[in-house]
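Remarks on the structure that follows.
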């Protein structure tokens, strides 16, 4: 071979650190990340070791919710959360961690940090037990106040669970069971904490993580062999949460017809269709058939729905002598008269002395940014809960 | 080629690149060449070897191609497809940038002539992997180029086809109609298959603008799936429309036009209500008449509230000129043009 130059030095840091035998591994992992997208785990089941050649997949051995090393470290540094502290030691200078309550926290990956030590990783079965603990004893607990704190704790610890799953490339029914609970939790939280101050709850961060978990879950459904007992429920929730999105609609339309004809997905598709056709009357009528969790998923779109109704009525009924009864609008929106009046006024629709609305296309305005009208609709969602326990809600055993 | 070692193969690739032997190099990366059955080239991790002997981006490209061969030999066709698509994408993209920035050569030799061809290839890939937003920079580059009208007719047709489909996806129906019509009319008479492909996307756009295709056209291009859809929209027959969409659902979803065809529902409402207006011959139409019309379409769950909502939406969108009087429970329409023609709206 007539080489005119010396073999090129490879400058990727992974390659420098990688052992001689597994030299290709680092490069391969990088490009697989690029091709599959960050955050998506490999969902190929079985024989993962053979597929990835020299590089073995990390397998966790930690049988507790928190690895012993982390418990020790955090205890020493007084970095235990108040939910993790042993009863009676809260006032101590160094409170003791209760091994039955300490949960491994999320740790941001960084250069030089080795997250693959098996003693620090929890196997899939332990992860599922951890999630159940978080749901039953933190999220659904009637004793932990305020709920924003329970949410923050559970949010972070669930993120840690997801991280362990990604590192170990967990897939299959355990992965699905964990993701389903995470998605249901985040959807419930998106309703329950709606309107809380930003320092306690950030809806955009909740949304980002919800979309990531949902996307991974839908991948699992698509890739793995079924049957997935809750797939119709979760697909419907995904569509309701992402109402009107072309991507979400196209995805659901591409599902096998047997799945698509399930009651939950049929209803979600009809509501989605009504939204795309700008038919808020039909949408709100169909939405009455949703259960509590589905209403939580839908609830942030109710604001757009109400606004659409007032917009098209402002044009459709626009005339000098227009008199439209406030009660009728209130009934369409499932709101009581005073809330409906507030909503109308925020959109520039005048309410006269006899509780009649004067629609005028010139008068309609978009409400001031920042005025949170979402809470006006919370009553509709709240009444669906009807004594349903939060734990059952998230486990899906409702 | 079916017996060479990996080193010999890579040496051939290197020399082909060095000597600018484009077509030979292409063969070495193609699946129609005998080298793909060579067991000595079926390596799980060829990256190191490729990086040792080839410069970027060729090292990644060839490595991806070799991984593809390996995947195929293991009958893992999903993996194989992914790698081969990546090969095309990478080589096209950097080639595109090279072509676009070619300022040195004169106009006859300029690499800019390669721009449209490459754009078309990239469009194909982006549509397949469903990342349409990546088309935008390419469209911008071609639009601002001074050569855009001088490319060959075939290239222009392909270009307008993809740009038209992108516009459709963005709900810009007027430009979409322009692009797709151009593609359809300038497509060579003998390419029946291509003309049919263009029509699949042109038809929904035209229907949304109020132009229905004739039966002859549909029969000529074997697109009878659209026949019932067309008929129901122009008659204002919602029942038939729902049936037609359901019957050919799979075909429409596969082509990615199902969601756009659902938009025809609004046009269908408009046509149905126009019929009511023409029947009653008055400018003050009782709302009940519309409820009855809906019931005739077997839409029993559409009550007065919903009818008012649908009418209000049609007025908002400009399909009906008039207003609804709640007190008199009537739709009062303009005496001039109560139902403006579809091509003038939106």
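The values are calculated or read from the model by the stated rules, or taken from the named source; none is laboratory data. For clarity, every value in this text was computed on a predicted model and none was experimentally measured. Every residue, glycine among them, receives a Cβ derived from its backbone with ideal geometry; neighbour counts consider all protein chains shown.
Check residue B:303 against each of (1) farther than 20 Å from residue B:264 by Cβ; (2) within 11 Å of chain A (Cβ to nearest Cβ); (3) in contact with a strand residue (DSSP E or B) (Cβ under 9 Å, 6 or more places away or on another chain) and name the one condition it does not meet.
(3)
Exactly one of (1) free of Cβ contacts under 8 Å to residues at least 40 places away in the same chain; (2) closer than 22 Å to residue B:321 by Cα is unmet by residue B:249. Its number?
(2)
Considering only segment B:224-256, state which residues are part of a loop (DSSP other than H, G, I, E, B) and either within 11 Å of chain A (Cβ to nearest Cβ) or touching a helix residue (DSSP H, G or I) at 6+ places or on another chain (Cβ under 6 Å) (or both).
At the first step, the residues of segment B:224-256 found to be part of a loop (DSSP other than H, G, I, E, B) are B:224, B:236-237, B:248, B:256.
If the condition is that a residue be part of a loop (DSSP other than H, G, I, E, B) and either within 11 Å of chain A (Cβ to nearest Cβ) or touching a helix residue (DSSP H, G or I) at 6+ places or on another chain (Cβ under 6 Å) (or both), then B:224, B:236, B:248, B:256 are the ones that fit.
Could you tell me whether residue B:44 is modelled with pLDDT under 75 and within 11 Å of another protein chain (Cβ to nearest Cβ)? Outline the logic, then answer.
Numbers: modelled with pLDDT under 75: yes; within 11 Å of another protein chain (Cβ to nearest Cβ): yes.
Judged against the criteria, residue B:44 is a match.
Go through segment B:324-342 and count every residue that is touching a helix residue (DSSP H, G or I) at 6+ places or on another chain (Cβ under 9 Å) and within 21 Å of residue A:277 (Cβ to Cβ).
Qualifying residue count, segment B:324-342: 4.
Are any residues in segment A:142-160 touching a helix residue (DSSP H, G or I) at 6+ places or on another chain (Cβ under 8 Å) and either free of Cβ contacts under 8 Å to residues at least 40 places away in the same chain or surrounded by fewer than 22 Cβ atoms within 10 Å (Cβ to Cβ) (or both), and if so, which ones? Lay out the reasoning, then the answer.
Our first condition is that a residue be touching a helix residue (DSSP H, G or I) at 6+ places or on another chain (Cβ under 8 Å); within segment A:142-160, this holds for A:144, A:147, A:150-151, A:153-155, A:157-159.
Those that are touching a helix residue (DSSP H, G or I) at 6+ places or on another chain (Cβ under 8 Å) and either free of Cβ contacts under 8 Å to residues at least 40 places away in the same chain or surrounded by fewer than 22 Cβ atoms within 10 Å (Cβ to Cβ) (or both): A:144, A:147, A:150, A:153, A:154, A:155, A:158, A:159.
Can you name the residue in segment B:130-170 that is within 12 Å of the chain's Cα centre (by Cα) and not in a helix (DSSP H, G or I) and, of all such residues, is nearest to residue B:255 (Cα to Cα)? Before the answer, list the steps.
First, the residues of segment B:130-170 that are within 12 Å of the chain's Cα centre (by Cα): B:130-132, B:135, B:158-170.
Then drop every residue that is not not in a helix (DSSP H, G or I), which leaves B:130-131, B:170.
Numbers: B:130: 12, B:131: 16, B:170: 16 Å.
My answer is B:130.
For residue A:226, which of the numbered conditions (1) more than 30 Å from residue A:362 (Cα to Cα); (2) free of Cβ contacts under 8 Å to residues at least 40 places away in the same chain; (3) assigned to a helix (DSSP H, G or I) fails to hold?
It fails just one condition, (3).
Enumerate the helices (runs of 4 or more DSSP H) found wholly within segment A:238-315, keeping only those where 2 or more residues are away from chain B (no Cβ under 12 Å). Outline the logic, then answer.
Details: elements: A:246-253, A:257-260, A:263-276, A:280-287, A:292-298.
Qualifying helices (runs of 4 or more DSSP H): A:257-260, A:263-276, A:292-298.
For residue B:200, all conditions in the list (1) part of a loop (DSSP other than H, G, I, E, B); (2) farther than 24 Å from residue B:317 by Cα; (3) touching a residue at least 40 places away in the same chain (Cβ under 8 Å) hold save one; what is the number of the exception?
Single failed check for residue B:200: (1).
Residue check: is residue B:259 over 26 Å from residue A:322 (Cβ atoms), facing chain A (nearest Cβ under 9 Å) and assigned to a helix (DSSP H, G or I)? I'd like the intermediate steps shown before the answer.
On the way: over 26 Å from residue A:322 (Cβ atoms): yes; facing chain A (nearest Cβ under 9 Å): yes; assigned to a helix (DSSP H, G or I): yes.
Yes.
Just to verify a result, which residue in segment A:194-222, among those that are in a loop (DSSP other than H, G, I, E, B) and surrounded by 19 or more Cβ atoms within 10 Å (Cβ to Cβ), is modelled with the highest pLDDT?
Step one: filter segment A:194-222 for residues in a loop (DSSP other than H, G, I, E, B), giving A:194-202.
Now drop any that are not surrounded by 19 or more Cβ atoms within 10 Å (Cβ to Cβ), which leaves A:194, A:201.
Working: A:194: 91, A:201: 95.
Ranking the qualifying residues of segment A:194-222, first place goes to A:201.
Considering only segment B:279-289, I want to know if a residue exists there that is assigned to a helix (DSSP H, G or I) and within 12 Å of chain A (Cβ to nearest Cβ).
First, pick out the residues of segment B:279-289 that are assigned to a helix (DSSP H, G or I): B:279-280, B:287-289.
Filter once more, so that each one left must be within 12 Å of chain A (Cβ to nearest Cβ): B:287.
Scanning segment B:279-289 turns up at least one residue that is assigned to a helix (DSSP H, G or I) and within 12 Å of chain A (Cβ to nearest Cβ).
Given the options A:295, A:314, name the one that is more than 29 Å from residue A:186 (Cα to Cα) and surrounded by 15 or more Cβ atoms within 10 Å (Cβ to Cβ).
Details: A:295 fails: more than 29 Å from residue A:186 (Cα to Cα).
Being more than 29 Å from residue A:186 (Cα to Cα) and surrounded by 15 or more Cβ atoms within 10 Å (Cβ to Cβ) holds for just one of A:295, A:314, which is A:314.
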